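The values are calculated or read from the model by the stated rules, or taken from the named source; none is laboratory data. No experiment lies behind these values; they were computed from the predicted model shown. Reconstructed Cβ throughout: ideal geometry from the backbone, glycine too, with neighbour counts over all protein chains shown. For accessibility, only protein heavy atoms count, side chains too; no ligands or nucleic acids. Shrake-Rupley method; radii C 1.70, N 1.55, O 1.52, S 1.80 Å.
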Amino acid sequence: MSKYQAEFNRSIKERESYWGEIAKLVHWDKPWDKVLDDSNKPHYRWFPGAEVNTCYNALDLHVAQGRGDQNALIYDSAMTGEIRHYTYRQLTEETARFAGALSEVGVLKGSRVIIYMPMIPEAVIAILACARLGAIHSVVFGGFASNELAVRIDDAKPVAIISASCGLEPGRTVAYKPLLDQAIDLAEHTPQACVIYQRPQLEAEMLTERDHDWHELISRASPAPCVSVKATDPLYILYTSGTTGQPKGVVRDNGGHIVALKWSMKNIYGVEPGEVFWAASDVGWVVGHSYIVYAPLFSGNTTILYEGKPVGTPDPGAFWRVISQHKVSALFTAPTAFRAIKKEDPEGEYLQRYDVSTLHTLFLAGERTDPDTLHWAEEKLEVPVIDHWWQTETGWAICSNLMGIEQLPIKEGSPSKPVPGWNLKVLDDAANEVAPGEIGSLVVELPLPPGAFPTLWNAKERYVEAYLAEFPGYYKTADAGFIDEDGYVYVMSRTDDIINVAGHRLSTGAMEEVLTSHPDVAECAVTGVNDSLKGQLPLGLLVLNSGCKTPHEQIVNECVGLMREKIGPVAAFKQAVVVKRLPKTRSGKILRGTVSKIADAEPWKMPATIDDPEILNEITESLNSIGYPKS
Ligand code: COA
Ligand code: AMP
């Protein structure tokens, strides 16, 4: 039996002793009563009875163990040219001081704190300071608009919001403070305090007594100690797209999260303490939470916080510069970033200008790695390129090649095999396991391993309904795929209305809610169409109110603007077309999949249940009028 298989089998058959052994690597303030509490199925809790502090495990522990002078964090801004190094000692001190500042504005154990910040070190300090106090952070990605922020404020009800005066995007400075003020105006809940980090590129105006300047607050604060919390207490809430405009608040607990993530650095990523790890993502996404902030710090690595893009900041050599300058061992990013580099520098000429010999592995996730990107990256970098599959809900990889245990042969299009702890199956609609090679729903047998989400914030019933009800005893990933004869997993598509734009997860349902708020739009559909750079892009079909006299072009432009205002630029919603009617089944279900296939010039069959086949000809003509299918 392979080393991989032996490890996987033990993680399932001897679950408690397996994770109990790994958990000894964590610093606990109080040991657990039990490794796993399964007395309230389908809800499970890891390490009940234990007490722990996440920030202690990320920072103070390393200082105590002699890593105080090692870099914990390197901030590299391709936007400003600034580079800052923080040793474990410095990051611990700054975090403790900011935690003290937060407690002065009323943040206590269990308080919620929203963090709406660009990619600056203060975002990491804010996250860790919350963890230090036992407060629950909820980071909101900077590319979301006020409306999305307001929805999260009302759900999480934060005591405080931490933000910065601005973010820097190529060609524009994003003023965060007005977006924050607008969100607070839109929300019903009002936070007690806002702490604003002033960046020199654009200073924010402090409006009310509620607003505090980061520097002023920190100058009079004293360092706060780590507060013990229960292993099962929430560490953070991270909102992710659901099928409606109401996002799902994915909850992560403290204990299981440290155990799983610390283990993952060595065993999945093959990275030893002291090595430099770079996740080129954003702290607003789960990849940023897990692999910019927490996992590398739990395991005593140096993590890179990069403010910039793969291309254009200033050129397609940006990633190679960072790798060579900071001696990065392993890089983790989304395939779309590599597609962007490949498009601008197909021959890899920029790569020749840098010494990237420290890099031993490239990890890709967020969307399926297409074979072209895989081969290009393998050929140019001459390192293993590892596609791995995971979700906001899972917090770490469900399937991956385990670089620290045994590297299995790479099969293109597959994120390899299930990671220990994830007992993955493929089921048909009647919940029967299908034969190898057959497509079905990808599900994970319960209990999920440590680090996976134990619930949704304020929505325990939705947690069961959305994830556990359809296949009793299993977690439904909402991805469809198959497992081949050799046990390799293939993730093919979502089974819900989520689309994946540049590695960002977006709900077409939420976009439809925005479009229908336009006064001239009677009905609409949003569907994902293929894009050679971003993987998918949203496309809107608009049916107008009868008698509407407004020119179509104007309505489309207004809809594009509305989406930017309501969801944010990250939605990348730039195309819509007016149609006479929407294609529907006789029971009224919109045939979004068929529209995508027509737009992508993929073979499609006339759905047997279609209400009126003629509509698809009309849709084809409308799509042709805006250049679909693309040649
Ligand atoms: N704050 C404000 N606006 C933001 C933002 C932020 N933090 N992040 C992105 N945006 C804006 C961008 O400026 C852009 O606005 P525009 O329409 O005015 O140009 C829009 O949101 C879309 O951004 P993005 O998805 O980054 O697309 P892009 O065209 O600027 O760049 C890529 C394309 C492929 C280079 C880029 O998507 C990328 O680097 N992706 C990496 C993927 C990734 O990090 N995934 C996370 C999961 S691993
Ligand atoms: P998110 O919650 O934003 O991380 O998005 C999770 C979704 O992204 C998954 O459900 C998949 O649909 C998709 N995804 C992430 N990684 C991969 C991968 N390696 N292969 C295929 N799909 C992926």
Computed E for ARG220/ARG84 - FRET, C-beta separation, R0 30 angstrom, nearest 0.05: 0.80
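Taking 8 Å as the Cα distance limit and 6 or more residues as the minimum spacing, I'd like the relative contact order of the stretch 502-625 as a percentage. It would help to have the intermediate numbers written out before the result.
Working: 176 pairs, mean separation 28.4, N = 124.
Contact order relative to length: 23 percent.
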Aspartates and glutamates whose Cα lies under 18 Å from that of LYS266, excluding same-chain neighbours fewer than 8 positions away: GLU7, GLU21, GLU275, ASP387, GLU406
Could you work out the Rg to Rh ratio of the chain, with Rh taken as the Kirkwood radius (inverse of the mean 1/r over all Cα pairs)? 0.95
Check: C-alpha center the stretch 449-479 vs C-alpha center the stretch 168-215, spacing in Å is 34 Å
Give me the percent relative contact order of the chain, please, defined on Cα pairs under 8 angstrom at least 6 residues apart. 12 percent
Using Cα positions and a limit of under 16 Å, work out the aspartates and glutamates in reach of LYS460, with same-chain residues fewer than 8 apart set aside. ASP155, ASP233, ASP253, GLU393, GLU470
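In debye, nearest 20: dipole of the chain around its Cα centre with unit charges on the Cβ of K, R (+) and D, E (-)?
Numbers: 59 positive and 81 negative charges, 154 e Å.
Result for the chain is approximately 740 debye, rounded to the nearest 20.
Checking the a/c ratio against 1.5 first, then a/b against b/c, what shape does the Cα gyration tensor give for the stretch 251-410?
Numbers: a/c = 1.61, a/b = 1.52, b/c = 1.06.
Prolate, since a/c reaches 1.5 and a/b exceeds b/c.
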What distance in nm lies between label points placed 7 Å from Cα along the C-beta direction at HIS43 and SER493? 3.6 nm
Just order 459-469, 337-347, 201-211 by mean Cβ neighbour count inside 10 Å, highest at the front, would you? 337-347, 459-469, 201-211
Probe of 1.4 angstrom, ligands and nucleic acids ignored: what's the accessible area per residue over the chain, in square angstrom? 38 Å²
Could you work out the relative contact order of the stretch 257-370? I mean the mean sequence separation of Cα pairs under 8 Å and 6+ apart, divided by the number of residues, in percent. 26 percent
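Hey, what number do you get for the chain at 222 nm if only DSSP H runs of n ≥ 4 count, each worth -39500 (n - 2.57), divided across all residues, to the nearest 500?
-8000 deg cm²/dmol
List the pairs from LYS574/LYS630; LYS309/LYS343; LYS24/LYS327; LYS24/LYS417; LYS476/LYS566 whose alpha-carbon separation is above 19 Å, in the order I gave them. Please list the in-between numbers first.
Details: LYS574/LYS630 15 Å; LYS309/LYS343 14 Å; LYS24/LYS327 30 Å; LYS24/LYS417 26 Å; LYS476/LYS566 29 Å.
The pairs that break the limit, which is 19 Å between Cα atoms, are LYS24/LYS327; LYS24/LYS417; LYS476/LYS566.
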With a point put 7 Å past each Cα toward its Cβ, work out how far ALA522 is from GLN554 in nm, to one decimal. 2.0 nm
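Using heavy-atom solvent-accessible surface (probe 1.4 Å) with all chains present, what is the largest-first order of ASP253, ASP154?
Details: ASP253 10, ASP154 45 Å².
So, going from the largest accessible area down, we get ASP154, ASP253.
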Pop the C-beta distance of ASP484 and LYS3 into the FRET formula with R0 = 25 Å and round what comes out to the nearest 0.05. 0.75
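Less than 15 Å Cβ to Cβ from CYS548, Lys/Arg counted +1 and Asp/Glu -1: what total charge do the surrounding residues give? The partial results should precede the final answer.
Numbers: positive: LYS549, LYS580, ARG581; negative: ASP520, GLU523, GLU553, GLU558.
Cβ neighbours under 15 Å give a net charge of -1.
Would you list the membrane-span-like helices of the chain, meaning whole DSSP H runs whose alpha-carbon atoms span at least 30 Å along their axis and whose mean Kyte-Doolittle value is at least 0.0?
Numbers: long enough: none.
Going by DSSP H runs, there are no hits.
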How many percent of the accessible area of the chain is carbon or sulfur, using a 1.4 Å probe? 49 percent
Quick shape check on the stretch 502-625: root eigenvalues a ≥ b ≥ c of the Cα gyration tensor, a/c under 1.5 is rounded, otherwise prolate if a/b tops b/c, else oblate, and it reads oblate
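Suppose R0 equals 25 Å. What FRET efficiency, 1/(1 + (r/R0)^6) with r the Cβ-Cβ distance, do LYS630 and ASP315 give to the nearest 0.05?
0.40
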